[in-house]
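Peer 1: Structure below; questions to follow.
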Amino acid sequence: MRVIFLGTGTSQGIPVIGSTHPVCLSDNPKDKRLRVSVLIEWNTYTYVIDCGPDFRQQMLNAKCTKLDGVVFTHEHADHTAGLDDIRPFYFKQGDIPIYAHKRVLKALKERFAYIFETQNKYAGAPGVMPIRIKNEPFRLGDLNVVPINGMHYKLQVFGFRFNDFAYLTDMKTIADEELEKLKGVKVLVVNALREEEHISHFNLSEALEVINKVQPERAYLTHISHMLGFHDDVEKKLPKNVFLAYDNLQINL
Ligand SMILES: [Zn+2]
Ligand SMILES: [Zn+2]
C-alpha cells in the first residue's frame, strides 16, 4: 500500500492569503500546505480521503490517472469543496463512488445540487454514485475499511483504518472504544492544529496523547496551522517515532 499526503494544511491552507506571518512567508516547501487529503493506493485501487478546494492541483501533483472513489470524513468545505473537479475521472470512468455518512451525503446534495440532478442534468456536470457509510466496516476494492468515529466539537466525523494504516482528521475527542479499533496499526495519522488549545481540533499535546494511547510504530501529524510553527523547528521537538506530515510525502506499507 502506498499513501501520498496530498495536503496537510488546516482550512485556509499555508500560506494564508494576505498573511505576513513568518511561516506563511517561508521558502521551505514543507511549510507550504494545501488543504488536507490523502491518496491511498493498493493493488489496482486508488482512493482519496476528502476532496477539498485544492483537489485539482493535488491530482495533478500526484499524477493520478484513475480514481476508484472518494471517502469523506465530514462535510466542511476544506474537505468537500473540490467535488466538481472529479469531472476528468467521471468523463473517463462514469459515476464516481462517494462514501460518506448520510448527513454528509445530504450536505453534498444541497451544495452540489447540479451533480445530483436527475432531470435535465447539464452534460458537463460530473456524476457520482453515493454510498452511505455507518460506523461499521465497509468494502473498498478488496479491502475492509474500518470507520473510526470521532467528534469535531459537536460534529460527528469519521476517521478510517485501512489495514496497517489509519487516518484521523478534524477530531477533538475520541472515545476509548473507538481507539481500541486502532490497536496494532503500524502508521497512524492524527490532526494537530497548533500548540494552543482549539475548540474543535486536537492541539499538539492532545494529538500526542492519542498517539501514546494507540502506540503505532510511526505517527504523522496533519491538518496543520501556520501557528504551529516552521516545519523543521516543530519536528525537532517531537518524539522520535512522530513526524510532521508535509505535502507530497509518500509512505509505503
Ligand atoms: Zn478541516
Ligand atoms: Zn472540519
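Peer 1: When the residues of the stretch 155-180 are narrowed to those that are within 13 Å of N135 (Cα to Cα) and of a type in the set (D, E), which ends up farthest from ligand 1 (Cβ to nearest atom)?
Peer 2: E177
Peer 1: In the list P15, P29, P22, which residue meets the criterion of being closer than 17 Å to H231 by Cβ and in contact with a Ser or Thr (Cβ under 9 Å, 6 or more places away or on another chain)?
Peer 2: Values: P29 fails: in contact with a Ser or Thr (Cβ under 9 Å, 6 or more places away or on another chain); P22 fails: in contact with a Ser or Thr (Cβ under 9 Å, 6 or more places away or on another chain).
None of the others qualify; the one that does is P15.
Peer 1: Go through (1) among the hydroxyl-bearing types (S, T, Y); (2) surrounded by fewer than 20 Cβ atoms within 10 Å (Cβ to Cβ); (3) within 16 Å of ligand 1 (Cβ to nearest atom) one by one and return the number of the condition Y114 breaks.
Peer 2: (3)
Peer 1: Another question, then. Which numbered condition in (1) without any contact (Cβ under 8 Å) to a residue 60 or more places away in the chain; (2) touching a His at 6+ places or on another chain (Cβ under 7 Å); (3) under 16 Å from T8 (Cα atoms); (4) not charged (D, E, K, R) is the only one that S200 fails?
Peer 2: (3)
Peer 1: Further question: Got a sec? Which of I40, I86, I17, I98 is of a type outside the set (K, R) and within 16 Å of T222 (Cβ to Cβ)? Spell out the reasoning first.
Peer 2: Numbers: I86 fails: within 16 Å of T222 (Cβ to Cβ); I17 fails: within 16 Å of T222 (Cβ to Cβ); I98 fails: within 16 Å of T222 (Cβ to Cβ).
Among I40, I86, I17, I98, only I40 is of a type outside the set (K, R) and within 16 Å of T222 (Cβ to Cβ).
Peer 1: What pairs come up if the first residue lies in the stretch 6-22 and is part of a strand (DSSP E or B), the second is among the small types (G, A, S) and buried (at least 22 other Cβ atoms within 10 Å of the Cβ), and their beta carbons are under 8 Å apart, counting only those six or more places apart or on different chains?
Peer 2: Matching pairs, first to second residue: L6/S37; G7/G13; G7/S37; G7/G52; G9/S225; I14/S225.
Peer 1: A further question follows. Within the stretch 42-78, which residues are assigned to a helix (DSSP H, G or I), within 16 Å of ligand 2 (Cβ to nearest atom) and of a type in the set (D, E, K, R)?
Peer 2: The one that is assigned to a helix (DSSP H, G or I), within 16 Å of ligand 2 (Cβ to nearest atom) and of a type in the set (D, E, K, R): D78.
Peer 1: Of the numbered conditions (1) under 20 Å from V104 (Cα atoms); (2) within 16 Å of ligand 1 (Cβ to nearest atom); (3) open to solvent by 30 Å² or more (accessible area, probe 1.4 Å), D68 fails exactly one; give the number of that condition.
Peer 2: Failed condition: (2).
Peer 1: Still on this structure, I have one more. Does I174 fit the bill of being in contact (Cβ under 8 Å) with a residue 24 or more places away in the chain, over 24 Å from P53 (Cα atoms) and in contact with a helix residue (DSSP H, G or I) (Cβ under 8 Å, 6 or more places away or on another chain)? Talk me through it step by step, then tell me what you get.
Peer 2: Numbers: in contact (Cβ under 8 Å) with a residue 24 or more places away in the chain: yes; over 24 Å from P53 (Cα atoms): yes; in contact with a helix residue (DSSP H, G or I) (Cβ under 8 Å, 6 or more places away or on another chain): yes.
For I174, the condition - in contact (Cβ under 8 Å) with a residue 24 or more places away in the chain, over 24 Å from P53 (Cα atoms) and in contact with a helix residue (DSSP H, G or I) (Cβ under 8 Å, 6 or more places away or on another chain) - is met.
Peer 1: Still on this model: Condition first: of a type in the set (D, E, K, R), surrounded by fewer than 19 Cβ atoms within 10 Å (Cβ to Cβ) and more than 26 Å from K92 (Cα to Cα). Now tell me which residues in the stretch 119-162 satisfy that.
Peer 2: Residues of the stretch 119-162 that are of a type in the set (D, E, K, R), as a first pass: 121, 132, 134, 136, 139, 142, 154, 161.
Right, trim to surrounded by fewer than 19 Cβ atoms within 10 Å (Cβ to Cβ) and you get 121, 132, 134, 136, 139, 142, 154.
Across the stretch 119-162, the qualifying residues are K134, E136, K154.
Results for (1) in contact with a Pro (Cβ under 8 Å, 6 or more places away or on another chain); (2) among the β-branched types (V, I, T), shown as yes or no for each residue.
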{"site": "G52", "(1), (2)": "no, no"}
{"site": "N61", "(1), (2)": "no, no"}
{"site": "T73", "(1), (2)": "no, yes"}
{"site": "G82", "(1), (2)": "yes, no"}
{"site": "Y90", "(1), (2)": "yes, no"}
{"site": "Y122", "(1), (2)": "no, no"}
{"site": "G127", "(1), (2)": "no, no"}
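Peer 1: Could you grab me the full set of residues in the stretch 181-213 that are under 21 Å from Y153 (Cα atoms), assigned to a helix (DSSP H, G or I) and either away from ligand 1 (no atom under 16 Å from the Cβ) or open to solvent by 80 Å² or more (accessible area, probe 1.4 Å) (or both)?
Peer 2: Residues satisfying the conditions are L204, S205, L208, E209, V210, I211, K213.
Peer 1: Taking the stretch 43-61, which residues are of a type in the set (A, V, I, L, M, F, W, C), more than 16 Å from Y167 (Cα to Cα) and touching a residue at least 12 places away in the same chain (Cβ under 8 Å)? Spell out the reasoning first.
Peer 2: Quick first cut of the stretch 43-61, residues of a type in the set (A, V, I, L, M, F, W, C) only: 48-49, 51, 55, 59-60.
Right, trim to more than 16 Å from Y167 (Cα to Cα) and you get 55, 59-60.
Matches in the stretch 43-61: F55, M59.
The values are calculated or read from the model by the stated rules, or taken from the named source; none is laboratory data. Quick caveat: nothing in here was measured; it's all calculated off a predicted structure. Reconstructed Cβ throughout: ideal geometry from the backbone, glycine too, with neighbour counts over all protein chains shown. To get the accessible areas, we keep the full protein, side chains included, count just its heavy atoms, and leave off ligands, DNA and RNA. Shrake-Rupley method; radii C 1.70, N 1.55, O 1.52, S 1.80 Å.
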